[in-house]
Amino acid sequence: MDTGFIIEKFILVAVIFGISLVIAMYSTYAERKVAAYLQDRLGPDRAGPFGILQPLADGIKMFMKEEIIPTTSNRWLFIVGPGLALLCACIGTAVIPWGSPMEIGGKIVPLQVADINVGVLYIFGVVSLGVYGVMIGGWASNNKYSLLSAIRAASQNISYEIAMGLSIIALLLMTNTLSLKEIVDQQHGWRWNVLYQPLGFLIFMVCSFAETNRAPFDLPECETELIGGYHTEYSSMKLGFYLFAEYINMFVSSAVMATLYFGGYNYPGMDYMATLLGPTWAPLFGTAVLFAKIFFFIFFFMWVRWTIPRFRYDQLMNLGWKGLIPLAIANIIITGVVIAILENF
Amino acid sequence: MESLSNKKKVLEQKPLSFMEKMYLPAIAKGMGITISHLFKKEATVRYPEVEREFSTNFRGMHSLKRDENGKERCTACGLCALSCPAEAITMIAAERKPEEKHLYREEKYAATYEINMLRCIFCGLCEEACPKEAIYLDGPIVPADYLRKDFIYGKDKLVEAPLEMKK
């Protein structure tokens, strides 16, 4: 392993980390703006032109707030909780291919931190770890509402992870690989997986709403029933970490959706663009396309949040166990039968 | 019981149909409604920069009026303070000296006149109670401030500008 490789990966990690934090920061601003415009309002417009400095102001506010750690809480776990939530949210970005390999000064640089051959499983592992931040924080608060919320988050995530996994299996039957890089490369040009797996995509999307605890599945922070949910007892930047983790999760799951189903950095006419822009700029253009897809999904998350009311808890469980899981299994069977027919006849 | 108005509607709870159970048609409809609002003009008025148009009988900040010769109309009779349901008005009366004849209309005048704008409910009863037509709530919105003491408005803020200054 040469130093060039380490420096290259280090820069890539730093850039991706920085970008995901900035996007999470501005997602809070975008969320408020989207909410405002969907409700015929203006949203924050006082801090800087068009309120562009609002996330900074919010960040400063969060840091300045008094920090309260309840005396009856499990102090150590109370502190670990938000950190874990943020950490699990951030490490998901490691396996996502951000662009096709880029040529810089005669050197081919892959725009992906780690092309591991179990990329999809890695994403699943990280996503299911994400609920630990919520659970530990909710349990350590020593508060009934927080505990209830933590239980809700855990059971919700477990139920929807099953449907999510099953919806992915149908996709894997088609791709024959778990490496995200290869899955993306198979979707060259227009051959996006969503065209072959529309039902699988729908199930995956609904499940990722549930996994990120976003409306209409934001039962863990259901304020009418549970005050603030798992972060009731949190204040200052610890609360900020939880809120931030939610937005990073949203970013990561948007990236995963774009990668698995919407062709990642592929776009129609990319071969022509590759000859036009050359090996340095064409991959960057692909990355920009990927980010456009990601931003669309983030907008979609917000659009849904400000449209659909929250599910009741039994409705959530009914939808997960009686709706999505049978659908996902049916999807696997249909996909398998179609593939078998296509390969043998 | 027989409904007299004939407006009573008996609702029965039906189990969800298949389409309703899918949620998706209803969700798509709702999403269509919200996205259509994205392109509508926002109802917000950017207040400190832009002010909404008020109706003609809008009651804003009080002003103590002068008569046509520029003399203060208020005689400190105290009827406004008496009528005030929020007890926001206080005043101290004083006797007019001969050399102050051009300042005050009657022999008695208000040496201090204070309205606590945090107490005031802008009902306009003071304006109705005043026999001298000395107080009117015809000003703008009372601005925000940081300290409670700054909301007690004295004569410096309430009395109308003198005639020559008006011109």
Cross-link reach list, aspartates and glutamates versus A:Lys65, counting only Cα pairs under 19 Å and skipping chain neighbours closer than eight places: A:Glu233
Under 5 Å, built H, 5+ apart or other chain: amide partners of B:Gly60: B:Asp138, B:Gly139
How much length is gained if the chain between A:Trp281 and A:Gln186 is pulled fully straight, taking 0.36 nm per residue apart and subtracting their Cα-Cα distance, in nm to one decimal? 32.1 nm
Efficiency of FRET from Cβ geometry, B:Ala161 and B:Glu87, R₀ 25 Å, rounded to 0.05: 0.35
Distant-in-sequence amide H partners of B:Lys108 (H built 1.01 Å from N, under 5 Å): B:Arg96
How big is Rg to Rh over chain A, alpha-carbon atoms, Rh as the Kirkwood inverse-mean-distance radius? 0.98
How large is ³J(HN,Hα), in whole Hz, for each residue of the range B:77-83 in order, when computed from phi with the Karplus curve 6.51 cos²θ - 1.76 cosθ + 1.60 and θ = phi - 60°, using x for Gly and Pro? 6, x, 5, 5, 5, 5, 7
Under a straight-distance cross-link criterion of Cα-Cα below 21 Å, which lysines are reachable from A:Lys293, leaving out those fewer than 8 residues away in the same chain? A:Lys33, A:Lys181
What full-extension length gain, to one decimal in nm, is calculated for A:Asp45 and A:Val13 as 0.36 nm per residue of separation minus the Cα-Cα distance? 8.2 nm
With Cβ to Cβ distances under 11 Å as the rule, what net charge do the other residues near A:Leu243 carry (K, R +1; D, E -1)? -3
Rounding to the nearest 10 and keeping the result within 0 to 90°, find how far the Cα-based axis of helix B:24-38 lies from the longest principal axis of chain B. 30
Label-point separation in nm, A:Ser235 to B:Glu51, each point 7 Å along Cα→Cβ: 4.0
Please list 3J(HN,Hα) in residue order for the range B:122-129, calculated via the Karplus relation 6.51 cos²θ - 1.76 cosθ + 1.60 where θ = phi - 60°; whole Hz, with x for glycine and proline. 6, 7, x, 5, 5, 5, 6, 6
Kirkwood Rh, chain B, all Cα pairs: how many Å? 21.0
Per residue of the range B:63-72, what does 6.51 cos²θ - 1.76 cosθ + 1.60 with θ = phi - 60° give for ³J(HN,Hα)? Whole Hz please, x for Gly and Pro, Karplus curve as stated. 9, 8, 8, 10, 8, 5, 9, x, 8, 5
Amide H within-cut-off set for A:Ser179, under 5 Å, with H built and near neighbours excluded: A:Gly119
Over all directions, the average projected area of the alpha-carbon convex hull for the range A:293-345 comes to how many nm²? 5.7
When the chain is fully extended, how far beyond the present Cα-Cα distance does B:Arg119 get from B:Ser36, taking 0.36 nm per residue of separation? 25.6 nm
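Read-outs: derived from the displayed coordinates by stated rules, not from any lab. Predicted model only: the values in this text are computed from it and were never measured. Here Cβ is always computed from backbone atoms with ideal geometry, including for glycine, and neighbour counts include all displayed protein chains.
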